[in-house]
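Taking it in order: structure first as structure tokens, then the write-up.
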Amino acid sequence: MTSPPEDQPSLIGEHDRDAAVRRVQEAYAEGHISHQEMDERLHRVLTAGTHAELAPALASLPAESADTTSTIAAAGGRIKRRGAWRVPRRLKVESAFGRVHLDLSEAVIEHPVIDIELQLGTGRARITVPRDAVVDLTGLHTGWKDTRYDTPRRSGPGGPRIRISGVMGYGRLRVRHARR
């Protein structure tokens with residue numbers, strides 16, 4: 001008869017790995033670690049299989065900042081942000097009817113990953129992202145019209161990752177990359 005193994009290592013999941021990658025990238029973006037140290041820590045995070053292997057990659061990093069969500073809301077009318085506005089880590093946009101235009105091409109983006117949650121009833125939404133941004137629309141659910149995403153011909157490395165999620169009722173979302 002065999003006994004069950006004691007102290008079986010705790011395997012990490014995709015969510016834990018993503019959170020660790022985000023924490024290392026944020027530490028770099030905030031100036032707490034050098035580019036070389038970020039590369040080394042990311043390699044450790046991506047090759048770790050257990051929590052014990054993951055811990056050294058996160059050692060001595062500042063504690064995670066509280067993820068607060070900024071909300072822009074309007075029952076009707078327009079929601080418009082453009083120019084050199086500061087984009088929060090998490091942005092929620094709510095509109096019952098009306099148009100939404102978010103232009104991130106000249107915005108101040110301090111985070112490697114930006115989450116934009118759309119809660120739109122009717123009306124159109126247009127989001128212009130930086131030329132080198134990577135756009136992820138997998139979390140967005142549309143009710144009536146399809147999303148239109150103009151993918152870039154060429155994309156440079158190092159741009160922010162912009163994840164767009166939420167629910168759109170009867171409007172259409174258009175996402176495009178800035179030309180400049």
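General remarks:
- Computed label-point distance, nm, for sites Ala84 and Leu11 using a 7 Å Cα→Cβ extension: 5.0 nm
- Overall form of the chain per C-alpha gyration tensor (a/c, 1.5; a/b vs b/c): prolate
- Local net charge near Leu11, Cβ-Cβ under 13 Å (Lys/Arg +1, Asp/Glu -1): -2
- Farthest towards the positive end of the charge dipole of the chain, among the residues Thr71, Ala125, Ala19, is the Cα of Ala125, using unit charges on the Cβ of Lys, Arg, Asp and Glu.
- Among His15, His141, His177, the order by Cβ neighbours within 10 angstrom, fewest to most, reads His15, His141, His177.
- Calculated mean residue ellipticity at 222 nm for the chain: -6500 deg cm²/dmol, from DSSP H runs with n ≥ 4 weighted as -39500 (n - 2.57), summed, divided by the residue count and rounded to 500.
- Residues Thr128, Thr138, sorted so that the one with the fewest Cβ neighbours within 10 Å comes first: Thr138, Thr128
- Taking the Cα centre of segment 69-177 as reference, the dipole from Cβ charges on Lys and Arg (+1) and Asp and Glu (-1) amounts to some 340 debye.
- Taking other C-beta atoms within 10 Å as the exposure proxy, Val129, Val21, Val167 rank Val167, Val21, Val129 from fewest upward.
Taken together, the values in this text are just the output of simple stated rules run on the coordinates, not laboratory data. Everything quoted here is computed from the prediction, not taken from an experiment. Note: ideal-geometry Cβ built from the backbone for every residue, glycine included; neighbour counts use all protein chains shown.
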